[in-house]
Amino acid sequence: MQKTAIIAEYNPFHNGHFYQAQTARQETGADVMIAIMSAQFTQRGEPASFDKWKRATAAVESGAIDLVIELPTQYGVQRADRFAKASVSIAEQLRCQTLSFGSESGDVDAIIHAAQSNVEESLLYKTALRQALQEGHSPAQASSRAFQTVYPTFDLTRPNNILAYHYAKATTSLQLHTVKRLGADYHDPSVMDIMSATGIRAHYLETGNVRAVPASTEAMFQTQAMTHWELYWPVLQYKLRTLPLTTLTEFVGIDSSLAPRLKQSGLERSFERALAVVSTRRYTRTAIQRAFVSILLHWLKEEAPTRFDDVPYVRPLAFNEIGRRALRDVKEDVPLLSKFDARLDFEARVTEAYRLPLQNEALIEHRQRPQFISSK
């Protein structure tokens, strides 16, 4: 069975995702398309627009994806290199032959060459990195700037290129395939046939209309309100105002310099205002959002993974008949979780935090099972 994996968030699943998956299926000769998808919170530290089961179901119902596997929160709400290692680990456990991803460059050879260049080991890179950090840039920004100094022919400032680069560095067995991104860029709010997920969410919040998505995603918008950070602000405010600084520094992604700024932000009237007063060149929007996720989840540093290239289980969220056959193909030697057990205790906590402002009594982790989507 020829298996092609896609690492995604589907926040929400849109026409660009559909195009990518269909193109990858055709160009890689895939019998089954497998999406490894972030759970209730995204890599950049945002509550997913819809819960993971609904997003997974929409992707499979579109016909472009056959099987959706969960990327656990502890591995998914992480910087790009850790996110990539964990996602690739799952793809390799499933014995996928190919990993397909979108990129701004559209040139898989350039991505592989950049990943194999060992730029980070050069003295010039280390010097440029140190200088950028001293200038007050965040670690991620400093790394991209230093990389451009040594290797200017590959743009490591573009979101999809960054992830593609880290996928290439993480894999040990996967053949790499890329689909050039079409339509709007990652953060582009433009309204068109292929919009960014950011643009789709913003357009919906502004107009109440959903654009540039398959029918399965449009139906999801019609049956449930879209989630966003402002819904969680009252809970975050309470925690920021009541937790001592020493407790805040015990959470993942929060150091003694950031903690006082976060605590002060609890006095702001909205999430966006809080984000604005905390953000600096050193502490980017993404870093602050991840810190807020840690606070919301009460995610202690001692609970963070010690390695990211060995995710301890594989959990299907939704699949069709082709996806079910793919699961049967690996069930003897892969730790598949189709029912709730103790390994999902942290995810249960995540879902409780995620569903709190949604008043969704059905959204309880231990009651959920993988969704089988009939193609008929």
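The values are calculated or read from the model by the stated rules, or taken from the named source; none is laboratory data. No experiment lies behind these values; they were computed from the predicted model shown. With ideal geometry, Cβ positions are generated from the backbone for all residues, glycine too; neighbour counts draw on all protein chains shown. Please note that ligands, DNA and RNA were not included when accessible areas were found on the heavy atoms of the full protein model with its side chains. Shrake-Rupley method; radii C 1.70, N 1.55, O 1.52, S 1.80 Å.
Can you name the residue in region 281-304 that is open to solvent by 60 Å² or more (accessible area, probe 1.4 Å) and outside any helix (DSSP H, G or I) and, of all such residues, is nearest to Phe41 (Cα to Cα)? Checked region 281-304; the qualifying residue nearest to Phe41 (Cα to Cα) is His298. Just one residue in the set Ala30, Ala35 is assigned to a strand (DSSP E or B) and either polar (S, T, N, Q) or touching a strand residue (DSSP E or B) at 6+ places or on another chain (Cβ under 7 Å) (or both); that residue is Ala35. Within region 61-77, the residues that satisfy the criterion of being open to solvent by less than 10 Å² (accessible area, probe 1.4 Å) and not in a helix (DSSP H, G or I) are Ala64, Ile65, Asp66, Leu67, Val68, Ile69, Glu70, Leu71, Pro72, Val77.
Which of the residues that make up region 310-346 are of a type in the set (D, E, K, R), over 20 Å from Val60 (Cβ atoms) and assigned to a helix (DSSP H, G or I)? Steps first, please.
Taking region 310-346 and keeping what is of a type in the set (D, E, K, R), we get 310, 315, 321, 324-325, 328-329, 331-333, 339, 341, 343, 345.
Narrowing the set further to residues that are over 20 Å from Val60 (Cβ atoms) leaves 310, 332-333, 341, 343, 345.
Correct list: Arg343, Asp345.
If you go through region 22-44 and keep only what is of a type in the set (A, V, I, L, M, F, W, C) and within 17 Å of the chain's Cα centre (by Cα), you end up with Ile34, Ala35, Ile36, Met37, Ala39, Phe41. Taking the conditions exactly as written (in a helix (DSSP H, G or I) and open to solvent by less than 10 Å² (accessible area, probe 1.4 Å)), does Ala86 satisfy them or not? So Ala86 passes the test. Sort out which residues of region 109-163 are among the small types (Gly, Ala, Ser) and within 26 Å of Ser196 (Cβ to Cβ), and write them in order of number. Residues satisfying the conditions are Ala110, Ala114, Ala115, Ser138, Ala140, Ala142, Ser143, Ser144.
Being touching a Leu at 6+ places or on another chain (Cβ under 7 Å) and crowded, with 24+ Cβ neighbours inside 10 Å narrows it down to one residue among Ala5, Ala21, Ala58; which is it?
Ala5
If you go through region 201-246 and keep only what is open to solvent by less than 30 Å² (accessible area, probe 1.4 Å), in a helix (DSSP H, G or I), among the hydrophobic types (A, V, I, L, M, F, W, C) and in contact (Cβ under 8 Å) with a residue 60 or more places away in the chain, you end up with Met220, Phe221, Trp229, Leu236.
In summary, Arg273 fulfils each of the numbered conditions (1) at pLDDT 95 or above; (2) more than 30 Å from Lys3 (Cβ to Cβ); (3) open to solvent by less than 80 Å² (accessible area, probe 1.4 Å) with the single exception of condition (3). Lys339 passes every criterion in (1) in contact (Cβ under 8 Å) with a residue 60 or more places away in the chain; (2) open to solvent by 20 Å² or more (accessible area, probe 1.4 Å); (3) closer than 30 Å to Ser216 by Cα apart from (1). Taking region 267-280 as the range and being outside any helix (DSSP H, G or I) and touching a Lys or Arg at 6+ places or on another chain (Cβ under 9 Å) as the test, the residues that pass are Leu267, Ser279, Thr280.
Find the residue count for region 252-266, including only residues that are closer than 21 Å to Arg44 by Cα and out of contact with any Lys or Arg (no Cβ under 7 Å at 6 or more places or on another chain). Result for region 252-266: 9.
Counting the residues of region 35-47 that are in contact (Cβ under 8 Å) with a residue 60 or more places away in the chain and crowded, with 24+ Cβ neighbours inside 10 Å gives 5.
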